[in-house]
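Below: the structure, in structure tokens.
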Amino acid sequence: MACMQCFAAPPGALHACHASRYDPAGPEFTPQKWPEVLAEIKADPELLRIPVIILTSSQAEEDILKTYDLHANGYIVKPVDLEQFFRIIKQIKEFWMSIVVLPPNRFK
């Protein structure tokens with residue numbers, strides 16, 4: 001998740017996350033804690049429009065359902081092959097930065 005957020009977050013969104021105690025690379029984004037953090041982000045009016053994509057090794061239906069119930073924008077299972085992993089990251093970046101129309105930037 002942290003790797004993707006480094007390039008897929010709207011400009012200024014990472015600053016907003018850091019300013020409001022959410023660090024995409026921080027310890028709160030552990031498999032045990034991310035549902036709680038995601039719920040807090042989506043409940044925060046300043047952060048709720050930031051796209052959140054969960055990048056994980058879990059294929060458990062329970063995790064997938066929980067992710068979408070908490071209003072994540074996507075759930076991606078990481079491939080084991082490193083080359084395939086980077087290909088997926090590139091596709092995520094292209095989709096979120098070139099194809100999707102995001103809300104106006106409020107993070108300036």
Exercise. Once label points are set 7 Å from the Cα along Cα→Cβ at both ASP81 and VAL101, what is their separation, rounded to one decimal in nm?
Worked result: 3.6
Problem set entry | Under 18 Å from the Cα of LYS42 - lysines, other chains or at least 8 residues apart | LYS33, LYS66
Exercise. Roughly what would the spin-label model give for ARG49 and LYS33, points 7 Å off Cα along C-beta, in nm?
Worked result: 2.8
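Every number in this text was worked out from the coordinates using simple rules, so none of it is lab data. This is a predicted model, so every value here is computed, not measured. Virtual Cβ from ideal backbone geometry, glycine too; neighbours counted across all protein chains shown.
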